[in-house]
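A short worksheet on the structure shown next.
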There are 2 protein chains.
Amino acid sequence: MKQLKISEAVVRRLPVYLQVLNELTMREVHTVSSQELGRKLNLNPAQIRKDLAYFGEFGRKGIGYDVDYLIEKIRQILNLDKTHYAALIGAGNLGHALCNYNSYIRDDVQITAVFDANPNKIGTTINGLTVQPMEALSEQIRSQGIRIGIITVPASEAQNVANELVSAGVDGILNFAPAILKVPDEVRIHHANFTTELLSLAYYIENERLERDE
Amino acid sequence: MKQLKISEAVVRRLPVYLQVLNELTMREVHTVSSQELGRKLNLNPAQIRKDLAYFGEFGRKGIGYDVDYLIEKIRQILNLDKTHYAALIGAGNLGHALCNYNSYIRDDVQITAVFDANPNKIGTTINGLTVQPMEALSEQIRSQGIRIGIITVPASEAQNVANELVSAGVDGILNFAPAILKVPDEVRIHHANFTTELLSLAYYIENERLERDE
């Protein structure tokens, strides 16, 4: 099936729309306007209409979007018709937090294996998963059909872990370590970087203050 | 001082450039080409040259960029001429991880106060900071000149915490809870969302597989 080319900014916004729409469904709200979505997301309604118009005209003027239909459509666009399995490497505080967080999305992306190099952590349990030694990584990734690796080890270890994940055949890596990692072109890597989040936030609040003070 | 308007995508890339440049300085590398930066960051060198050209011509053809000058320039653009203070609310696993992580950037953004509603956590210490009760939030934010709030509480508590941060007068919020929060227009909110990161990664790896299989 030929897929639409969607800009990276839209791909990043669609899961956020999905989250809001899922919250609406839980509250049994079945219709939503771009204005309401905009208010919830601090986004311009025109931006939302533009994003959603990528995929055909499925809002109705004056009535808004059918929430269930929009959820189905966005899930289709994001290829969320099956569960993606992920391995997490690094059973520290962040690893624990992500495994717990995982329950929010377990139908779409599910962490099914956790690894650590520290012998004291091996054999302990996080959210029902037993921490395994690094030596088991490659075999587990292959046998479980895991395609995503999540790196939550210290920066100094991150490149080695990325290399092992690549050798084991993952297609995507989500890196939380504060280090820029090199992977082959055919592996997709996203950096979930606390530092860059905080610095870009600092930029905006400072800039807005300077504008107010002009 | 009038600031340049920089696109959000560039504001998010600049701290990443900064991180790579800082790594180069530590290794005593003083010149870098857009090709080398591109390889390290998995970005197109043309994109990097375009981003940096925003701020004037400071690369030299055939030689590349002076690393120290580029660091200075990017820090200037990001308004990193002073330390921004932040409060973290939610002393769970994620809160612990972020406080530890904090040491990487403490000259630019520094977490100086940690709060939690759980009486068992109050009085414990994370990375040298004593966890304080929520009742102390407002006074601490004012007296310490804290302008950033970092939310690491469960989704169900996140909106209440955001409201308290807004009342206390913060200018920016970094929200890690898997919930969309409403804040007044004059407060900047960024959502650091594990779910959306994983779903957009899943989208790309699935899409690339579909393209290969065509």
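The values are calculated or read from the model by the stated rules, or taken from the named source; none is laboratory data. Since this is a predicted model, take the numbers as computed values, not measurements. Here the Cβ is made from the backbone with ideal geometry for all residues, glycine too, and neighbour counts use every protein chain on show. Keep in mind that these areas ignore ligands, DNA and RNA; they rest on the heavy atoms of the full protein, side chains included. Shrake-Rupley method; radii C 1.70, N 1.55, O 1.52, S 1.80 Å.
Values computed for the structure shown
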| read-out | value |
| --- | --- |
| Verdict on residue A:147 being in contact (Cβ under 8 Å) with a residue 40 or more places away in the chain, within 7 Å of chain B (Cβ to nearest Cβ) and open to solvent by 30 Å² or more (accessible area, probe 1.4 Å) | yes |
| The listed residue being within 30 Å of residue B:186 (Cβ to Cβ) and either modelled with pLDDT of 95 or more or assigned by TED's automatic domain parsing to the domain that holds residue A:96 (or both), out of A:168, A:202, A:179, A:192 | A:192 |
| Where residue B:118 falls short, out of the listed (1) within 13 Å of chain A (Cβ to nearest Cβ); (2) more than 25 Å from residue A:207 (Cα to Cα) | (1) |
| Top-ranked residue in segment B:70-83 [being assigned to a helix (DSSP H, G or I) and open to solvent by less than 30 Å² (accessible area, probe 1.4 Å); ranked as farthest from the other protein chains (Cβ to nearest Cβ)] | B:70 |
| Condition met for residue B:137 (at pLDDT 95 or above, surrounded by 14 or more Cβ atoms within 10 Å (Cβ to Cβ) and among the aliphatic types (A, V, I, L, M)) | yes |
| Residue within segment B:177-188 that is more than 7 Å from chain A (Cβ to nearest Cβ), crowded, with 23+ Cβ neighbours inside 10 Å and closer than 28 Å to residue A:172 by Cα present | yes |
| Considering residues of segment B:13-34 that are free of Cβ contacts under 8 Å to residues at least 24 places away in the same chain and within 14 Å of chain A (Cβ to nearest Cβ) only, the residue least open to solvent (accessible area, probe 1.4 Å) | B:20 |
| So residue A:67, is it more than 19 Å from residue B:177 (Cα to Cα), of a type in the set (A, V, I, L, M, F, W, C) and outside the structural domain of residue A:161 (by TED's automatic domain parsing) | yes |
| Where residue B:204 falls short, out of the listed (1) at the interface with chain A (Cβ under 8 Å from one of its Cβ atoms); (2) open to solvent by 10 Å² or more (accessible area, probe 1.4 Å); (3) touching a residue at least 12 places away in the same chain (Cβ under 8 Å); (4) in contact with a strand residue (DSSP E or B) (Cβ under 8 Å, 6 or more places away or on another chain) | (3) |
| Complete set of residues in segment B:14-33 that are touching a Leu at 6+ places or on another chain (Cβ under 8 Å) and in a helix (DSSP H, G or I) | B:14, B:15, B:16, B:17, B:18, B:20, B:21 |
| Where residue A:197 falls short, out of the listed (1) facing another protein chain (nearest Cβ under 8 Å); (2) touching a residue at least 40 places away in the same chain (Cβ under 8 Å) | (2) |
| Residues that are touching a strand residue (DSSP E or B) at 6+ places or on another chain (Cβ under 7 Å) and either among the small types (Gly, Ala, Ser) or at the interface with another protein chain (Cβ under 7 Å from one of its Cβ atoms) (or both), drawn from segment B:158-176 | B:158, B:162, B:171, B:172, B:174 |
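This table checks each residue for (1) crowded, with 20+ Cβ neighbours inside 10 Å; (2) basic (Lys, Arg).
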site	(1), (2)
A:68	no, no
A:85	no, no
A:96	yes, no
A:100	no, no
A:127	no, no
A:142	no, yes
A:157	no, no
A:162	yes, no
